[in-house]
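All remarks here apply to the structure that follows.
The values are calculated or read from the model by the stated rules, or taken from the named source; none is laboratory data. Here the structure is a predicted model, which means the values were calculated and not measured. Don't worry about glycine lacking a Cβ; one is built from the backbone with ideal geometry, like all the others, and counts go over all protein chains shown.
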């Protein structure tokens with residue numbers, strides 16, 4: 001479904017991503033782990049044609065840079081960016097309705113009612129405007145808005161960032177259900193939560209993949225910590 005090969009991203013003299021490669025198959029969840037500045041967000045932005053890149057990013061065999069951001073979304077490549085970005089003057093329900101416009105004729109796996117089932121905390125907030133929501137509530141709306149857009153591949157950038165532990169648990173419980181029906185590329189610093197729903201994972205440090213493997217293999221906390229500190233050499237478990 002998604003094939004990234006020798007991806008390089010630079011901002012002037014700064015090389016944010018240095019030749020990484022990975023794939024996401026149908027029915028799969030891949031987690032990209034790493035500290036701030038590792039190149040994770042830049043990678044997601046390149047995948048949805050928001051950031052120029054070198055190398056190749058194929059979605060269903062088509063180069064995303066040639067498609068452009070809007071066409072990527074209309075083909076089902078749906079991106080939930082870091083920072084939530086709900087529409088502040090629209091209600092929760094209106095924000096979700098906006099998401100349906102990106103479905104572009106595809107049959108959505110999730111209706112707006114399904115979103116309320118996934119995130120029951122939003123039910124009493126249907127008429128509350130985006131600006132009046134907490135960070136956790138905004139994250140639920142952002143994910144819900146992406147789901148009603150009929151994603152064929154869902155990209156999530158740091159869904160746990162800045163959230164209280166109880167909210168993180170609720171969000172990942174919902175994502176666990178989503179992952180049973182929708183392929184996911186997840187960028188996350190919370191390794192425990194990310195590995196709880198991922199099939200495979202890769203750790204990025206300094207724009208390079210320093211560790212990759214199955215979720216079970218990547219649960220080796222010591223190896224992950226070493227890679228975050230830049231002490232691990234390039235390694236492929238198994």
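Going by the conditions given, is residue 185 modelled with pLDDT of 70 or more, buried (at least 19 other Cβ atoms within 10 Å of the Cβ), outside any helix (DSSP H, G or I) and touching a strand residue (DSSP E or B) at 6+ places or on another chain (Cβ under 9 Å)?
Values: modelled with pLDDT of 70 or more: yes; buried (at least 19 other Cβ atoms within 10 Å of the Cβ): yes; outside any helix (DSSP H, G or I): yes; touching a strand residue (DSSP E or B) at 6+ places or on another chain (Cβ under 9 Å): yes.
For residue 185, the condition - modelled with pLDDT of 70 or more, buried (at least 19 other Cβ atoms within 10 Å of the Cβ), outside any helix (DSSP H, G or I) and touching a strand residue (DSSP E or B) at 6+ places or on another chain (Cβ under 9 Å) - is met.
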When only residues in region 207-222 that are closer than 18 Å to residue 193 by Cβ and outside any strand (DSSP E or B) count, which is modelled with the lowest pLDDT? 221
Hits in region 19-35 - residues which are modelled with pLDDT under 95 and over 21 Å from residue 72 (Cα atoms): 33, 34, 35
Restricting attention to region 110-133, which residues are in a loop (DSSP other than H, G, I, E, B) and either within 9 Å of residue 92 (Cβ to Cβ) or free of Cβ contacts under 8 Å to residues at least 24 places away in the same chain (or both)? 126, 127, 128, 133
Just wondering, is there one or more residues in region 108-130 that are crowded, with 17+ Cβ neighbours inside 10 Å and within 17 Å of the chain's Cα centre (by Cα)? no
Candidates 155, 175, 163 - the one that is within 20 Å of residue 137 (Cα to Cα), in contact (Cβ under 8 Å) with a residue 24 or more places away in the chain, assigned to a strand (DSSP E or B) and touching a helix residue (DSSP H, G or I) at 6+ places or on another chain (Cβ under 6 Å): 155
